[in-house]
Amino acid sequence: MNAPANVHSLEAVRDFRGSLIRFGEQATDCLDSLHGQVHRMIDWLEHDRPVYWQQQIRRGFDRVAEARLGLQRCQMRQVGDHRPACVEEKQALRRAKARLEYCQKKLEVVHRCQRVVEQEANQFRGHCGQVNGLLQRELPRMTGLLDRILVSLEAYVAIDAPAAAPPAVRDETTAAQEES
């Protein structure tokens, strides 16, 4: 047998139903927003970052070529029998090579991150799909159940309480008969 309900306010049940519907709408909006953010992040990682680092690599090659040319020019100069040390040009070449290497490593990191992020995004989409399925399947079921509960409770409240019968007056002869 079902346990009796201890409902004190139909309005509280109606408020709960409204809150449940608002929760479903907000949760769906939140999931949509999260999907959009994941999509933007993947798009940024797959399109923007590789293009940026490839441009930086091209610039790095240009800077290395300029630094080499500057070093060669410096080494070709001669003041009397003395050749300049070309320290600044060597440092510039070293910095240009280091920057080029840094950019190449960054591009490799971007490619590795793309794979990892795509795997994580697929897992995230799977979990979100489960939550979305629950929202789409269970929320209508729960609001329907609450509707049926409200109809039953409203019908119960509408029933008039039976009039109480006046207490029976026992006479002494009836009491004596019952005792024997």
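The values are calculated or read from the model by the stated rules, or taken from the named source; none is laboratory data. Just so you know, these numbers come straight off a predicted model, no measurement behind them. Cβ atoms come from the backbone with ideal geometry, glycine included; neighbour counts cover every protein chain shown. Only protein heavy atoms, including side chains, enter the accessible area calculation; ligands, DNA and RNA are left aside. Shrake-Rupley method; radii C 1.70, N 1.55, O 1.52, S 1.80 Å.
Rounded to the nearest 0.05, what FRET efficiency do GLU66 and GLU108 give with R0 = 25 Å and r taken as the Cβ-Cβ distance? Could you check? Present the calculation step by step, with values, prior to reporting the outcome.
Numbers: r = 25 Å, r/R0 = 0.98.
So, using R0 = 25 Å, E works out to roughly 0.55.
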Measure of exposure for ARG95: accessible area at 1.4 Å probe, Å² rounded to 10, is 150
Nearest-ten-degree value, helix 87-158 long axis tilted from longest Cα axis of the chain | 10
Magnitude of the Cβ-charge dipole (Lys and Arg +1, Asp and Glu -1) of segment 46-139 about the Cα centre, nearest 20 debye, reported as 440
Zone of ALA121 (label point 7 Å along Cα→Cβ, backbone N under 14 Å): which residues in segment 39-60?
-> 39-50
Rounded to the nearest 10 degrees, the helix 10-43 long axis (Cα) sits at an angle to the longest Cα principal axis of the chain of 10
Go through (1) 1.61; (2) 1.26; (3) 0.99 and flag the label whose value is the computed Rg/Rh (Cα atoms, Kirkwood Rh) for this structure.
-> (1)
Please give the length that would be gained between ASP160 and ASP48 if that part of the chain were fully extended, namely 0.36 nm times their separation in residues minus their C-alpha to C-alpha distance (nm, one decimal).
-> 33.1 nm
Please name whichever of LEU45, GLN55, VAL79 sits farthest to the positive end of the charge dipole of the chain, dipole taken about the Cα centre and charges placed at Cβ: Lys and Arg +1, Asp and Glu -1.
-> VAL79
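I need to check one value: relative contact order of segment 1-94, counting alpha carbon pairs closer than 8 Å and at least 6 residues apart, in percent. Please list the in-between numbers first.
Numbers: 23 pairs, mean separation 15.9, N = 94.
It rounds to 17 percent for segment 1-94.
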Extension gain, VAL151 back to GLU25 (0.36 nm per residue minus Cα-Cα distance, nm) | 43.0 nm
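Rounded to the nearest percent, how much of the accessible area of the chain (1.4 Å probe, protein heavy atoms only) is carbon and sulfur? Intermediate values should be presented prior to the final figure.
Details: 7930 of 14160 Å².
Reported share for carbon and sulfur atoms: 56 percent.
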Tilt relative to the chain, helix 49-76 - C-alpha long axis, 0 to 90 degrees, to 10 | 20
